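Q: First the structure, then my questions, so here it is.
The values are calculated or read from the model by the stated rules, or taken from the named source; none is laboratory data. As the structure is a computational prediction, the values presented were derived from the model and not from experiment. Here Cβ is always computed from backbone atoms with ideal geometry, including for glycine, and neighbour counts include all displayed protein chains.
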């Protein structure tokens, strides 16, 4: 980020069990992968460890979340705002990036988009019954969200109705 100086950093990951594209509002300084019985790529399980020792409890995404979530359904993609990025790798990375931006007083807008599992992942025996979304539909949503983020330097002030609560 220091070298490239991007305007926006949008990170993405899969969130198995979610049926729609979700943009994350909060990254917390807390890791608990044991809650999900998950390990990172090195086989490490984190339980109760902070991302940054003595860092703030949380950071809010500074992307225009409402504008993004309004644009995605207009493109035909189900979406919503999620209030936290869980406590595994996605949250860890989102928090780390937002902490880096804040610590270095950079004006970079950043946040996270979670995508549902691809159909071929949801079809695996261990995932059977979980929601999925095609790569094409997910990409359409991400594209609409990025366009909205580029168009809106400040978020829109309109209600975004939701039935999703996480």
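Q: Tally the residues that are surrounded by 17 or more Cβ atoms within 10 Å (Cβ to Cβ) and farther than 14 Å from residue 94 by Cα, restricting the search to the range 23-48.
A: Number satisfying all stated conditions: 3.
Q: Limited to the range 115-152, what total is found for residues that are at pLDDT 95 or above, loosely packed, with under 11 Cβ neighbours inside 10 Å and not in a helix (DSSP H, G or I)?
A: 1
Q: Being under 15 Å from the mean Cα position of the chain (by Cα), in a strand (DSSP E or B) and over 19 Å from residue 152 (Cα atoms), is that true of even one residue in the range 38-51?
A: Checking the range 38-51: not a single residue is under 15 Å from the mean Cα position of the chain (by Cα), in a strand (DSSP E or B) and over 19 Å from residue 152 (Cα atoms).
Q: Now for a separate question. With the checklist (1) more than 15 Å from residue 141 (Cα to Cα); (2) in contact with a helix residue (DSSP H, G or I) (Cβ under 9 Å, 6 or more places away or on another chain); (3) outside any strand (DSSP E or B); (4) in contact (Cβ under 8 Å) with a residue 40 or more places away in the chain in hand, flag the one item residue 59 doesn't pass.
A: (3)
Q: Go through the range 5-15 residue by residue and tally those that are surrounded by 17 or more Cβ atoms within 10 Å (Cβ to Cβ) and either without any contact (Cβ under 8 Å) to a residue 12 or more places away in the chain or over 12 Å from residue 63 (Cβ atoms) (or both).
A: Within the range 5-15, residues that are surrounded by 17 or more Cβ atoms within 10 Å (Cβ to Cβ) and either without any contact (Cβ under 8 Å) to a residue 12 or more places away in the chain or over 12 Å from residue 63 (Cβ atoms) (or both) number 2.
Q: Would you please list the contacts, defined by Cβ atoms under 8 Å and residues six or more apart or on different chains, that run from a residue in the range 79-102 that is assigned to a strand (DSSP E or B) to a residue that is surrounded by fewer than 20 Cβ atoms within 10 Å (Cβ to Cβ) and modelled with pLDDT of 95 or more?
A: Correct list of pairs: 79/73; 81/25; 81/66; 82/25.
Q: Looking at (1) in a helix (DSSP H, G or I); (2) more than 16 Å from residue 115 (Cα to Cα); (3) in contact (Cβ under 8 Å) with a residue 60 or more places away in the chain, which is the one condition that is false for residue 35?
A: The failed condition is (3).
Q: Being under 14 Å from the mean Cα position of the chain (by Cα) and in contact (Cβ under 8 Å) with a residue 40 or more places away in the chain is true for just one of 152, 114. Which residue is that?
A: 114
Q: Identify all residues within the range 76-85 that are more than 12 Å from residue 21 (Cα to Cα) and either surrounded by fewer than 22 Cβ atoms within 10 Å (Cβ to Cβ) or over 11 Å from the mean Cα position of the chain (by Cα) (or both); write none if there are none.
A: 83, 84, listed by residue number.
Q: Got a number for residues in the range 97-114 being farther than 16 Å from residue 146 by Cβ and surrounded by 17 or more Cβ atoms within 10 Å (Cβ to Cβ)?
A: Total meeting the criteria: 4.
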